[in-house]
Structures are given as C-alpha cells and as structure tokens.
Amino acid sequence: MASFTTKLQFAEADWLRVMGQDTSVTSICYICSSILREPYICCADCNNAVEICPSCFSIGAERELHKNCHQYIIVKNEFPLYEGSTWAANEEIELLDAVFECGLGNWSDISRRLQTRSAQECKKHYVTFYIDNPVPELPRFKQHIQPVTSEAPFEYRPLEMEEPPRYLPGSNRYRALGGYNAARGDFDIEYDNYAETYVSQLDFSTFEPEDPYYEIGTALQTAIVSMYNVRLRERERRKRVVRNHGLIVLRKTLSGLIRYERTVTRTNAERLLLFMQLMPGIDFDYIMEGLHHAGELRQYILRLQDLRENGITHFHSCR
C-alpha cells in the first residue's frame, strides 16, 4: 500500500531520490561522466579510483593522468557473495536497495524490481542470509553507546500547558465528549468511518504489465486511492473545525445560543453558525460578541427613547 501511494505522488522519479536519500552508490565514467553499467573498466595504475565505460575504453580515451596504456580491471559483479547461494553480487545489491525502498515484507514489489527472482525466492534468500545467518562482515550496531555528557536533561514544562482530560469509559463526562479522546486527538467513530473499506481490499498485484487490462485496472485503482485521499481530507477538515471552535463541549454552544437570544436572536445565531467553517474560532467569537454588543447598544438606545417619550430627561429620575 505504501509503495503504491508513493508512486502516485512521484510518478516520474523515485521518491528516495526526490528526498535525497538514495541508498545506491552510482558510479560515473571518468571520461564522459555517463552512468556506469556493468561490465565497466577500472584502472589499476591510477592512485584514485578511475572507472571508465566500455565505449570510452574501446576508443582509448585519456584524461589528465590516466593513459590508455595503463593496466585495467574488468568490473563485473556476477560472482556469488555467500557460499551455497546462486545469487550474484549485483542481485544482492538490487535486493537490498529494493528492500529499503519498498519496505521489508513487501516481497511482491521487491520481486518486480529484481525481475529475475520470484517473491518467495526473495523472501527466503533475505531471511536465510541476512536475518537467520548473517555473515560476520556485515556492520553491527554498538552494544553500548557512550553518552556525550553525563548531565541530566533539564525538564521543561510550560505552566500554561494542561494534561488532556482522561475520563473513565462509561462515565457521564466521557459520554459528554461524544467519543472524543482528548489524549489522542481523535474520535472512537470517525467521520466517514468506513472510508478505508474499499482501499483495504485493493490488490495491486492483480494486473500485470502484460495484461491487456493493465492500464484500465491501474487507473481504476489510482482513482480509488485518490477518492480515499479526498475523504481523508474532508475528515481532517471537520476535525479541525471541531477543534478550533470547541464543539466538543456541547454546553458551550448551547450557552452561546442562550446568551444571544435577547440581542442577536436565536434564529439569527443558528444561521450564523454555518460560517464557523470559514474562520478560526476566536474570529467567530469576536464577530458574535460584536453583534451582541451592537444589540445591547440598540436596546439601550430604545430604552432611552422610551424614557424621553415619557418625559424623563434625567437618569436619577428613572431609577
């Protein structure tokens, strides 16, 4: 699943190259700077590693201290690394790169990268020579890491931060949150809770490149994943609105409607609630308080006008 969604995001380039984390060491020709493909030539007389492609070697190309009369070595990684294994060294490199890029356990995608080995062969070879019986030459992590300093870390805790509430399941306060887990920041039942149903049933090995329906099938699978991403974005948008406006606490929303009954009126306040999706909670509260204050001023002016009509012109007379 992860390899397929990554392929959707970077259709023309490998995602590790985009992120600058390519694991393979790519050699280039010393003469023409083209990427070297096995077999290629390595100079045995030059002090630095001078590697040349077969095309430049065949025409006797020279550069700086390298001469075409130097002794050379043909580099071919077609020898086995492990005793009793039929895998060549170049296949071992491709296997390790594919495991890093596709993820350990994604043997179907790994076998497609290698093209010469099945998924079962890749799994069996990796488990046998890299997990169950690793050779001593493989790098190992240090058992004991020496700390840079022996000082204890300083524990900083801002005073304004509070622990999220963790109410017991089944309690009244827990039910009042509507299934919201404050410590995790999500709900027991999410919006569009069954959005993952169709994506979880996708099998990306159904269509092979030689299948006549390969393009249609992969396009359909891509469309399903795209629709799933749209539904996830809508879910996150709704959670963001709920969080920004504090809609978890139902009592806050109801008390706000009651507060504005005499000034904004409940009907207008309920209509204005639709605009909560378009602005942060603090901005919406600022607008509602402004309308509430304007309503209070309007009522105050009407009261003054009523007093004036009754001949009362001094404040102490109306007390």
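Here are the numbers for this structure:
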| item | result |
| --- | --- |
| Formal net charge of residues neighbouring Ala61 (Cβ-Cβ distance under 13 Å; K, R +1; D, E -1) | -1 |
| Qualifying GluC sites (Glu not before Pro) in region 63-119, DSSP loop, other Cβ atoms within 10 Å at most 15 | Glu64, Glu78, Glu83 |
| Contour minus Cα-Cα distance for Ile258 and Asp283 (0.36 nm per residue) | 7.0 nm |
| Pairwise FRET efficiency - Thr116 versus Asn68, Cβ, R0 = 35 Å, nearest 0.05 | 0.50 |
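Since every read-out is calculated from the coordinates, none of them should be taken as a lab result. Note that the structure is a prediction, hence the values are computed from the model and not measured. Here the Cβ is made from the backbone with ideal geometry for all residues, glycine too, and neighbour counts use every protein chain on show.
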